[in-house]
Amino acid sequence: MVNQNQTKSNKNDHYDVAIIGAGINGAVAAAAASAAGLRVLVVDKGDIANFTSQESSNLVWGGIKYLQTYEFGLVIKLCLARNRLMRNYPNQIRQIGFLASLGPTAPFGRLLGTFGTLFYWGIGFFGTKAPASYSAAAAKRLEPNLISGRTAIKYYDAQLPDNDSRFVFDFIRHAIKHGSDVRTYTTLNSATHDGTLWALKLSGSGATTVSATTVINATGPFVKEVSEILGSPTKAGLVMSKGIHLVLDRKLTDTYQVLAFWDEQERLFYVLPMGDRSMVGTTDTRVQDPKTAVTREDRDFVIKQINAQMELETPITSKDVVSERSGVRPLVVAAGDSGEVQDWHQLSRKHVVEVDKELSVVTILGGKLTDCLNVGQEMVHELSRLGHKVNKLKNWFGEGSQVRKEEFYQLVASRSDQKTFQSIADGIWRRHGEAGFEIVGESQLTELIAGLGITEQEVRHIALAEMITTREDLLRRRLPVKMSRSDKELATNKPLEKLLVELGL
């Protein structure tokens, strides 16, 4: 498959900024820096958001759990970031309630929980719906699958209806619009600095040697390895926590909400909506290697916890699992601290930016999706301090105009049946905005994958216009297909298989 958006450049091309890593941090850095008028190169050894940024819980949240560690400043910052994202992504980010069942493993009762959620609402400048508190009887009426006799509280944050990697790609799309050169499946092999410029040797799809004034290391859990290539070590370090999610072949709640519980180790885990199915997780296990996988022990633990926290007519078994996800959270630790001597479970998802002025290297450590806009702005600020001439930031993120949304829905209604109209219209508009008019065109729209609102027209468009190289790029990262459908289900979908073969995937 030809990568349509990957530009072919001559050797020794010069860039103001070379960004290594196309996860959320690299993507926002590229979108902001290019919008500020800088010539930007983005390099990733895999696809866009192919590692940490594709394994999150798909949540945009203000960090309510950090209230327990009294990190009020961080919570305020994250809540403001969440509110800003909700305003600018009215379709891609959706407000959602978190119904927390207060069983014996919860670290607090109804009274303290009610106060905490009210405080969280207030510290978040009332950017969501007001929280609520429920008696045991009311909680059971609200969610019949909760265990009888348990009170509950409900607060609000936000969710990505599609997937995290799709959201990351939106920033890459903005970066390309502003002139960024984005090269996926391209590896940084070596880097040398002559006192003024970097010479970066690249291999893979975007193989060449380029020069850059500044390098941004946005490689997430691989920051240390890239820092060694650049000869620019960081003061802070990283501790990695493994988290897994299981997607089930059924919905555990008919209401669009997240169910929150505390496992036997008093750690939060969730039942999250995943299209027409449910996703459960996550775990929190210390690991040394960022490359992880779901083990049988992980799977059994999550299934045990969800069965213990809900009154299900039919308990969950491993046979209900249609897909699995495993990733790491890169958690920042102070200089000289490996994390061995502290309670690493209490480490927050804050990010730290370090600048090596002598070598003109900026390194981003840690962070989370919710804080992404702050990261982008910080990158432009640091680039300015390093001597780059930057323009005032504008139009570097967001969904853009919603003026033609009603017109688009009317078009989809005329091109599809009543049963699938809503999901098809919602999905195409959410993922593509006004480009949806071109996608729909003059043809009839039919669901290609039942229950997901995804059509042949949209798949074709993404395959040709969104830097697709492999099936995984298309079905796992640009679309949430492989997150909610098993390989067996997809293999039996003959129209999908035929289309993928036609597209060269």
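The values are calculated or read from the model by the stated rules, or taken from the named source; none is laboratory data. In this text, all values refer to a predicted model and were calculated from it rather than measured experimentally. Reconstructed Cβ throughout: ideal geometry from the backbone, glycine too, with neighbour counts over all protein chains shown. Keep in mind that these areas ignore ligands, DNA and RNA; they rest on the heavy atoms of the full protein, side chains included. Shrake-Rupley method; radii C 1.70, N 1.55, O 1.52, S 1.80 Å.
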Legend entry - Matching residues, the range 268-311, being open to solvent by less than 50 Å² (accessible area, probe 1.4 Å) and assigned to a loop (DSSP other than H, G, I, E, B): Thr282, Thr283, Asp284, Pro290, Thr292, Val294
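Check Val362, Val355, Val403 and return the single one that is modelled with pLDDT of 95 or more, in a strand (DSSP E or B) and open to solvent by 40 Å² or more (accessible area, probe 1.4 Å).
Working: Val362 fails: open to solvent by 40 Å² or more (accessible area, probe 1.4 Å); Val403 fails: in a strand (DSSP E or B).
None of the other options fit; the residue is Val355.
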Inset, instruction - Could you figure out which of (1) modelled with pLDDT under 95; (2) open to solvent by 20 Å² or more (accessible area, probe 1.4 Å) isn't true of Gly63? - result: (2)
Inset, instruction - Answer yes or no as to whether Ala18 is in contact with a Phe, Trp or Tyr (Cβ under 6 Å, 6 or more places away or on another chain) and either open to solvent by less than 10 Å² (accessible area, probe 1.4 Å) or more than 19 Å from Met240 (Cα to Cα) (or both). - result: no
Inset, instruction - Check the range 154-172 and report whether any residue there is open to solvent by 30 Å² or more (accessible area, probe 1.4 Å) and either of a type in the set (D, E, K, R) or over 17 Å from Val258 (Cβ atoms) (or both). - result: no
Inset, instruction - Scan the range 87-126 for residues that are closer than 19 Å to Glu71 by Cα and open to solvent by less than 30 Å² (accessible area, probe 1.4 Å) and jot them down. - result: Gly113, Gly116, Thr117, Tyr120, Gly122, Ile123, Gly124
Inset, instruction - Assess whether Gly37 counts as being touching an Asp or Glu at 6+ places or on another chain (Cβ under 8 Å) and of a type outside the set (Phe, Trp, Tyr). - result: no
Inset, instruction - Mind listing whichever residues of the range 472-482 are of a type in the set (Asp, Glu) and either open to solvent by 20 Å² or more (accessible area, probe 1.4 Å) or farther than 19 Å from Asp170 by Cα (or both)? - result: Glu472
Legend entry - Which numbered condition Asn493 misses (of (1) open to solvent by 20 Å² or more (accessible area, probe 1.4 Å); (2) under 30 Å from Arg404 (Cβ atoms)): (2)
Inset, instruction - Looking at (1) under 30 Å from Ala199 (Cβ atoms); (2) open to solvent by less than 10 Å² (accessible area, probe 1.4 Å); (3) of a type in the set (Gly, Ala, Ser), find the lone condition where Gly23 falls short. - result: (2)
Legend entry - Number of the condition not met by Arg485 [criteria: (1) more than 18 Å from Val168 (Cα to Cα); (2) among the basic types (Lys, Arg); (3) open to solvent by 20 Å² or more (accessible area, probe 1.4 Å)]: (3)
Legend entry - Search result, residues across the range 236-264 that are assigned to a loop (DSSP other than H, G, I, E, B) and either among the hydroxyl-bearing types (Ser, Thr, Tyr) or touching a residue at least 24 places away in the same chain (Cβ under 8 Å) (or both): Ala236, Asp249, Arg250, Lys251, Leu252, Thr253, Thr255, Tyr256, Asp263, Glu264
Inset, instruction - Output the residue which, of all residues in the range 182-195 that are touching a residue at least 12 places away in the same chain (Cβ under 8 Å) and farther than 15 Å from Leu41 by Cα, is surrounded by the most Cβ atoms within 10 Å (Cβ to Cβ). - result: His193
Legend entry - Those residues of the range 406-429 which are of a type outside the set (Val, Ile, Thr) and open to solvent by less than 30 Å² (accessible area, probe 1.4 Å), in sequence order: Phe408, Ser416, Ala425, Gly427, Trp429
Inset, instruction - Kindly list, by first and then second residue, each pair from a residue in the range 265-277 that is free of Cβ contacts under 8 Å to residues at least 40 places away in the same chain to a residue that is buried (at least 21 other Cβ atoms within 10 Å of the Cβ) and not hydrophobic (A, V, I, L, M, F, W, C), limited to pairs with Cβ atoms under 7 Å and residues at least 6 apart or on different chains. - result: Phe269/Gly281; Phe269/Thr282; Phe269/Gln305; Val271/Ser278
Inset, instruction - For Leu142, indicate whether it is closer than 22 Å to Asp276 by Cα, surrounded by fewer than 22 Cβ atoms within 10 Å (Cβ to Cβ) and touching a residue at least 24 places away in the same chain (Cβ under 8 Å). - result: yes
Inset, instruction - With the checklist (1) open to solvent by 10 Å² or more (accessible area, probe 1.4 Å); (2) out of contact with any strand residue (DSSP E or B) (no Cβ under 9 Å at 6 or more places or on another chain); (3) small (Gly, Ala, Ser) in hand, flag the one item Ser211 doesn't pass. - result: (2)
